[in-house]
Amino acid sequence: MKFSTYGQSPANVIRYKKIAMRPKIAISCVLRPSDPECVWHRFRENFVNEGYVTQLDKAGAIPYLLPYLREEDIEEQLSPFSALLVPGGADFSAYYYHEENMDCTIPPDALMDTYQLQLIRTAHRMGKWVFGVCRGFQGVNIAFGGTLYQDILLQRPNSIPHMRKDSPYAPVHSVTLEEHSHLYEAFGTKTHSVNSLHHQGVKTLADGLTATAYSEDGLIEGIEAEKILAVQWHPEALESPFFDYIVSLLR
């Protein structure tokens with residue numbers, strides 16, 4: 001049902017027009033177990049941390065939470081939105097890049113993995129912007145044929161520590177940004193300090209994606225393609241222009 005301006009006060013009309021102009025961004029929820037003490041403990045929760053919602057709202061977008069549904073419903077799910085954001089979460093199964101899961105891999109959720117990978121591919125096919133953070137960053141790479149280090153410290157032992165749970169809300173290392181990239185344009189500098197909460201990372205970059213940010217040890221931390229922008233760190237937990245920038249891409 002369309003909003004009619006007939007008989008509305010000028011203030012209501014202005015408010016409606018402002019809301020209508022704000023880009024609508026779908027944030028893919030992740031499924032997690034409910035608290036066993038909760039009366040509804042048999043149901044899993046569709047979860048997104050509020051940092052994404054708060055940052056997108058402050059940047060001028062209207063965020064919507066996208067719950068897990070069947071794959072055949074994905075295109076209809078995505079149709080009202082300008083963009084998809086896939087947030088942080090647990091590990092993807094190595095099955096999706098043709099490897100056996102190592103013991104260090106957090107037990108994956110096959111339904112959630114399959115759904116989010118198809119969500120990424122479908123949004124891209126529909127010509128919508130796809131943004132990724134941490135798990136979402138890795139998911140973008142897997143969705144288009146890339147692979148991961150299942151554990152950076154085990155498989156890349158000379159790396160700096162990347163799982164820094166001691167400092168989630170503060171920068172712990174720097175990344176180098178490629179000039180003429182979206183990330184360089186967003187941050188306006190060649191280097192940027194970031195937080196780090198991941199034990200997996202991009203190993204082989206998918207065809208069609210470009211690496212545009214690297215950590216001090218050479219690990220890929222930012223990837224881009226046409227209407228794709230994803231980062232390995234968590235900008236929602238920092239004072240960062242990242243969300244202002246991605247919303248600006250939709251105006």
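The values are calculated or read from the model by the stated rules, or taken from the named source; none is laboratory data. Just so it is clear, the model here is predicted, and its values are computed rather than measured. For neighbour counting, all protein chains shown are included, and Cβ atoms are generated from backbone atoms with ideal geometry for every residue, glycine included. With ligands, DNA and RNA removed, areas are computed over all heavy atoms of the protein, side chains included. Shrake-Rupley method; radii C 1.70, N 1.55, O 1.52, S 1.80 Å.
At a glance:
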item: In the stretch 94-124, the residues that are of a type in the set (G, A, S) and either more than 16 Å from L205 (Cα to Cα) or in contact (Cβ under 8 Å) with a residue 60 or more places away in the chain (or both); result: A110, A123
item: Of all residues making up the stretch 48-72, the number that are open to solvent by 30 Å² or more (accessible area, probe 1.4 Å) and more than 14 Å from L85 (Cβ to Cβ); result: 7
item: Qualifying residue in the stretch 18-27 (condition: surrounded by 14 or more Cβ atoms within 10 Å (Cβ to Cβ), in a helix (DSSP H, G or I) and at pLDDT below 85); result: no
item: Pick from the stretch 36-52, criterion outside any strand (DSSP E or B) and either touching a Leu at 6+ places or on another chain (Cβ under 8 Å) or among the basic types (K, R) (or both), ranking: nearest to V247 (Cα to Cα); result: Y52
item: Residue count for the stretch 146-166, restricted to those that are buried (at least 18 other Cβ atoms within 10 Å of the Cβ) and over 24 Å from I120 (Cα atoms); result: 2
item: Candidate set: the stretch 220-234, residues that are outside any strand (DSSP E or B) and surrounded by fewer than 22 Cβ atoms within 10 Å (Cβ to Cβ); chosen: the one nearest to the chain's Cα centre (by Cα); result: K227
item: Hey, P108 closer than 28 Å to I25 by Cα and surrounded by 15 or more Cβ atoms within 10 Å (Cβ to Cβ) or not; result: yes
item: Residue ID - most open to solvent (accessible area, probe 1.4 Å), chosen from residues in the stretch 203-212 that are β-branched (V, I, T) and under 19 Å from Y184 (Cβ atoms); result: T210
item: Count of residues meeting criterion [within 22 Å of E45 (Cα to Cα) and outside any helix (DSSP H, G or I)] in the stretch 63-119; result: 23
item: Residues of the stretch 175-197 classified as surrounded by 15 or more Cβ atoms within 10 Å (Cβ to Cβ) and more than 19 Å from the chain's Cα centre (by Cα), total; result: 2
